[in-house]
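Notes follow once the structure below has been shown.
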Amino acid sequence: MPTPDDTADAHRKRAEEVVQALAAGANLGEETLKLSNEFTDAWTSRIAAKLKRIFRR
């Protein structure tokens with residue numbers, strides 16, 4: 001399982017990639033939506049895993 005620092009570094013790297021893509025002329029709405037969805041999916045997975053651990057007891 002990745003450490004919080006590794007996860008933060010991965011998020012930071014992905015955000016920098018989006019900024020570079022936007023600077024190169026990428027679609028602002030599309031890129032921000034992708035980044036937002038990735039963030040939401042990651043948090044949803046974390047919360048679901050936590051709830052599963054709680055209710056298995």
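Structural remarks
- Theoretical FRET efficiency, 1/(1+(r/R0)^6), r = Cβ-Cβ of K13 and I47, R0 35 Å, to 0.05: 0.90
- Taking the Cα centre of the chain as origin and assigning +1 to Lys and Arg Cβ atoms and -1 to Asp and Glu Cβ atoms, the resulting dipole is close to 660 debye.
- The eigenvalues of the Cα gyration tensor, multiplied by 5 and square-rooted, give the chain an equivalent ellipsoid with semi-axes of 30, 14, 4 Å from largest to smallest.
Since every read-out is calculated from the coordinates, none of them should be taken as a lab result. Predicted model, so just to flag it, every value in this text is computed and none were measured. Here Cβ is always computed from backbone atoms with ideal geometry, including for glycine, and neighbour counts include all displayed protein chains.
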